[in-house]
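Trainee: Handing you this structure, nothing more for now.
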Amino acid sequence: MPLGLLWLGLTLLGALQTQAQDSNINLIPAPPLFRVPLQPNFQDDQFQGKWYVVGLAGNAFSKEEQGQFKMYATNYELKEDHSYNVTSILLKDQHCDYFVRTFVPTSQPGELSLGNIKAYPRLKSYTVRVAATDYNQFAIVFFKAASQNQDYFKITLYGRTKELSPELRENFIRFVKSLGLTEDHILFPVPIDKCIDDQ
């Protein structure tokens, strides 16, 4: 399985159970969390809703996989306890796949962790940080999954629509590079309609 597909599975928690055992993968180290900014005055109610994954970058992605990635959507549904029910919708083998998980707030507004982490025995921690957002157009979100053998990290460029301005894409690329990744680690998924617009 190519590394980018591995990370997509990690992000959606589908592949972690079997793939994280491979400690021979040579990855760019994940940055310390203090190097990843948090959106000032994060507003959890404004962040909720549907986001399209317009850009992806991570230490397990490679530019060679660009054509294999189809756009997917993620819906953040805010609950009364300020956690989110998070559902990602992907097109896989001409069928819609749904991955559901819960992200719970930490003591820092805009930082979340995976709820029910004990259900994933090889996962030591899973952190989500909303680095930047204007809530109605874009968001840049950092994810870090620490397994027993590796730390995987990913940065997602979310859009409320399937296309974002060249300026927002360039800001995303600059941010990704500031965390130690290169252009070879950046993908822009192919926009699709099936599944992700069926909600």
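The values are calculated or read from the model by the stated rules, or taken from the named source; none is laboratory data. Model, not experiment: these values are computed from the prediction. Note that we place each Cβ from the backbone using ideal geometry, even for glycine, and neighbour counts take in every protein chain shown. Only protein heavy atoms, including side chains, enter the accessible area calculation; ligands, DNA and RNA are left aside. Shrake-Rupley method; radii C 1.70, N 1.55, O 1.52, S 1.80 Å.
Trainee: Considering only the range 170-192, I want to know if a residue exists there that is out of contact with any Gly (no Cβ under 7 Å at 6 or more places or on another chain), open to solvent by 80 Å² or more (accessible area, probe 1.4 Å) and part of a loop (DSSP other than H, G, I, E, B).
Mentor: no
Trainee: If we scan the range 116-133, do we find a residue that is open to solvent by 40 Å² or more (accessible area, probe 1.4 Å), modelled with pLDDT under 95 and within 24 Å of G49 (Cβ to Cβ)?
Mentor: Yes, there is a match, as at least one residue in the range 116-133 is open to solvent by 40 Å² or more (accessible area, probe 1.4 Å), modelled with pLDDT under 95 and within 24 Å of G49 (Cβ to Cβ).
Trainee: Scan I140, I155 and give me the residue that is open to solvent by 10 Å² or more (accessible area, probe 1.4 Å), under 17 Å from the mean Cα position of the chain (by Cα) and not charged (D, E, K, R).
Mentor: Selected residue: I140, the only one of I140, I155 that is open to solvent by 10 Å² or more (accessible area, probe 1.4 Å), under 17 Å from the mean Cα position of the chain (by Cα) and not charged (D, E, K, R).
Trainee: Counting only residues that are of a type outside the set (D, E, K, R) and modelled with pLDDT under 95, give me the helices (runs of 4 or more DSSP H) lying completely in the range 1-58 with at least 1 of them.
Mentor: Filter on the range 1-58 gives 3-11, 16-19.
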